[in-house]
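Each remark here refers to the structure printed beneath this line.
The values are calculated or read from the model by the stated rules, or taken from the named source; none is laboratory data. Everything numeric in this text was worked out from a predicted model, so none of it was measured. Cβ: placed from backbone, ideal geometry, glycine included. Neighbour counts: every protein chain shown.
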Amino acid sequence: MKFPLICAFCLTQLLLPAIHCFSQVNSEKEPPVKLFLDCEDCDFTFVRQKLNFVPFVRDPKLADVHILVSDSETGSGGKKYYLNFIGLNDFKNTNYEYTITTNQSDTENDTRNSLLKIIKIGILPYFARTSFVNQMNIDLEECEKRVADDMVIDRWNKWVFNISSGGEFQKEESKNEYTLETEASAEKITEEWKTSLVGTYEINHENYYDDGEKITNQQDSKEISAEFIKSLNEKWSGGLFGEYTARSYLNIENKFGTSAGIEYNIFPWKDCNRRIFAIRYAAGVSYSKYNEETIYDQLSEMLWSESLKINLELIQPWGEVSVGLKGSHYFHDFSKNRLTLESDLAIRITKNLSIFCEIESQLVHDQLYLAKGNASLEDVLLERKKLATTYELSGQLGFRFTFGSIYNNVVNERF
């Protein structure tokens, strides 16, 4: 009776190493986490090269983790990226969000390395739940070997200044033209205040020659804007705005305006990287002096106006949608109004098909600046003057269809 027990014990001792070896082989062959990278600014080729052990799929429905990346411009001229890691399948409801900020002076290589670093950090919690983590090396250190007591002193106190100037020219036998443009700005953005001052000056000069006749078209544009926006709480904001405009195309010699506004976001502003549903109201006054007498027999006038805008922005795994509806009118005559609709939509219909649509439409009834009299043929052809219209419409519509292998982690850059 003891012999079978002894044999069983011996057989167990012989099989245990084989079972252990078999389990190791199976664990090593366990498929790593499949990722879908949803990021416009990411260098996908670079990411795949650096994470060549990760199977990237082209359809989020086939992924274990959907990496959704969105961004916002910062006050310093850089970008703040929001990386949302959304768990699917076995990782459902295991979600993480990370942020990283790039500077205006950062190169494309700096940006792609910064994004790659956060992607590496973000995928670790998912790989840590699989046996594949045993095949990974992880190093952690501070890049410049600094200690926690290091302090950063900002001698500019968050103010960012920018000056740019440039031009272009073109010359041929019957035509020559040049354009000069200068822009200067000063911005300061904190959690409590957003302050911005921007000024631009542009000259566009064209000469045409026909049978010894010279036709000249010169259009100047000057704009200065200022805004002071206060964060009142997590949903309310208030602002003061000022502007100066001089634009020959719109028959405006000088225009000064000021307004005040208030804004309410149904969602907290901390969620602005994923969703915004804001209602904005503003009212103000402007004084305009015209180059030529207008169709309403005015050389100058002061006008009071108000506007209301509803803006919705959503960035989700299924796509993106942005819709803005704005209405405005002058108080002295409510028939002098304008209604503007802006929409931008991208939807993933199936794993292979997605559609996109961009539309901007305006109902225009507030062109008080139009010069009296008929525009000459030269004015029309050279676009010297804005013409009367009751509407403006522009749009773009299309689709994308992809098919083939769901895995796209192989890189081949030959030729």
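Could you tell me whether any residue of the stretch 259-266 is outside the structural domain of residue 85 (by TED's automatic domain parsing), polar (S, T, N, Q), over 30 Å from residue 39 (Cα atoms) and crowded, with 17+ Cβ neighbours inside 10 Å?
Residues of the stretch 259-266 outside the structural domain of residue 85 (by TED's automatic domain parsing): 259-266.
Okay, now just the ones that are also polar (S, T, N, Q), so 259, 265.
When the remaining residues are screened for being over 30 Å from residue 39 (Cα atoms), the result is 259.
Keeping just the survivors that are crowded, with 17+ Cβ neighbours inside 10 Å gives 259.
Yes.
Looking at (1) more than 30 Å from residue 382 (Cα to Cα); (2) touching a residue at least 60 places away in the same chain (Cβ under 8 Å), can you tell me which one residue 251 breaks?
Status for residue 251: all satisfied but (1).
Counting just the residues of the stretch 363-396 that are on the phi < 0 side of the Ramachandran plot and among the acidic types (Asp, Glu), which one comes out farthest from the chain's Cα centre (by Cα)?
Checked the stretch 363-396; the qualifying residue farthest from the chain's Cα centre (by Cα) is 378.
What are the residue pairs meeting all of these: first residue in the stretch 97-109, first residue closer than 20 Å to residue 67 by Cα, second residue outside any loop (DSSP other than H, G, I, E, B) and among the basic types (Lys, Arg), Cβ atoms under 6 Å, and 6 or more apart or on different chains?
That search, which allows pairs on different chains as well, returns 101/80; 102/79.
How many residues does the stretch 184-227 contain that are of a type in the set (D, E, K, R), in a strand (DSSP E or B) and surrounded by fewer than 15 Cβ atoms within 10 Å (Cβ to Cβ)? Steps first, please.
From the stretch 184-227, those of a type in the set (D, E, K, R) are 187-188, 191-192, 194, 202, 206, 210-211, 213-214, 220, 222-223, 227; that's our starting set.
After this cut, where a residue has to be in a strand (DSSP E or B) as well, the list is 187-188, 194, 202, 206, 210, 213-214, 220, 222-223, 227.
This time we only want the ones that are surrounded by fewer than 15 Cβ atoms within 10 Å (Cβ to Cβ), so: 210, 213-214, 220.
Residues that pass the stated criteria total 4.
Restrict the check to the stretch 308-319 and report whether at least one residue is crowded, with 17+ Cβ neighbours inside 10 Å, in contact with a Gly (Cβ under 7 Å, 6 or more places away or on another chain) and over 20 Å from residue 226 (Cβ atoms).
yes
Return yes or no: is residue 275 touching a strand residue (DSSP E or B) at 6+ places or on another chain (Cβ under 8 Å), charged (D, E, K, R) and either closer than 30 Å to residue 357 by Cα or touching a residue at least 40 places away in the same chain (Cβ under 8 Å) (or both)?
yes
Determine which single condition residue 191 fails, assuming it passes every other condition in (1) modelled with pLDDT of 80 or more; (2) more than 20 Å from the chain's Cα centre (by Cα); (3) acidic (Asp, Glu).
Checking residue 191 against (1) modelled with pLDDT of 80 or more; (2) more than 20 Å from the chain's Cα centre (by Cα); (3) acidic (Asp, Glu), the one that fails is (2).
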